[in-house]
């Protein structure tokens, strides 16, 4: 569970004392299998650091189909971000894929840290920049690639996903049906 | 040209002296009609504040089709962000729609401001958070809506775009062809 400390040591010049104080605010949380940790309509009150497993940030469209906005992998940080920043009800839900171990940091603690520890704010700003860049790449692939090209790109960049996640989660992430995914897989 | 000063006054408690010092780093830049201010393969060295007109951040896919990743409107800030943050060559280009007036802040000056003026970093962090939220909404619409639903949403949220921008720019933003857009427009 010392992962956030290691990341802070690597990316900042914060003292060990400050790192210890910061990491004490990340609370460990062991989920139930496939638990929905934020429901649609609820406010996302925490940002999550994934120690083990995957979190799936999902939305439902006007006719009830599920889509996966983001997958948060081991070692990554995420939440239902628009709700977290505004502290207003979320249009997305966060669900564990299987059983997960996460560390969660509350909205209040994060903002207090940013206010009191400028170097933490710089670190957090870097996190948001990287998340935004990931989102930009996702937009690019969605507007400029075919479903087959997106499938090939994901297979190349994140082969582990295909071993660790059920087909429906992958299909929802690619924005296609499970049947289309199965057709793409058999294409040579 | 006092727009960035007004925004800093509204969103921070920075002194007038500091605001004056910051705003002096935003350099005015009048573009030529449809000028490409960042080309694909070039490094994005500035972040742009749009005073007048629209900037179009565009990408080209594997078969040479153009797509619009983002449209940066009057009063908004943007750049080819992945290139700007990494200071590596951009996969996207930035082109003016018509003639634009922009203020540009260099990568070096922005980072110096973040380092020296913690409150500026908080303001800039807020900008990135909002840009990330916009990107998340764009991902949601791309994975969960039909082209017609995306067209209706854009018409509802940003009706001005349809008066001010040529049809091909709108189509490229929606990720569809000009012909499909024209078909959607005639649908009741």
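Before moving on, here are some points about what is shown:
- Of the residues making up the stretch B:106-140, just one is in contact with a strand residue (DSSP E or B) (Cβ under 6 Å, 6 or more places away or on another chain) and farther than 26 Å from residue A:85 by Cα, namely B:106.
- Among the criteria (1) without any contact (Cβ under 8 Å) to a residue 24 or more places away in the chain; (2) in contact with a helix residue (DSSP H, G or I) (Cβ under 9 Å, 6 or more places away or on another chain); (3) under 22 Å from residue B:80 (Cα atoms), the one residue B:178 does not fulfil is (3).
- Hits in the stretch B:156-173 - residues which are assigned to a helix (DSSP H, G or I) and surrounded by fewer than 19 Cβ atoms within 10 Å (Cβ to Cβ): B:156, B:157, B:159, B:160, B:161, B:162, B:163, B:164, B:167, B:168
- Residue B:176, sole failed condition from (1) farther than 30 Å from residue A:93 by Cα; (2) part of a loop (DSSP other than H, G, I, E, B): (1)
- With respect to the conditions (1) within 12 Å of chain A (Cβ to nearest Cβ); (2) more than 15 Å from the chain's Cα centre (by Cα), residue B:167 lacks only one, and its number is (1).
- Strands (runs of 3 or more DSSP E) contained in the stretch A:1-62 and holding at least 2 residues touching a strand residue (DSSP E or B) at 6+ places or on another chain (Cβ under 6 Å), touching a residue at least 60 places away in the same chain (Cβ under 8 Å) and surrounded by fewer than 15 Cβ atoms within 10 Å (Cβ to Cβ): A:27-30
- Qualifying residue in the stretch B:49-60 (condition: away from every other protein chain (no Cβ under 13 Å) and more than 18 Å from residue B:169 (Cβ to Cβ)): yes
Throughout, read-outs are computed from the coordinates displayed, never taken from laboratory work. What you are looking at is a predicted structure, and each value in this text was computed from that prediction instead of being measured. Glycine also receives a Cβ, built like all others from the backbone with ideal geometry; neighbour counts cover every protein chain displayed.
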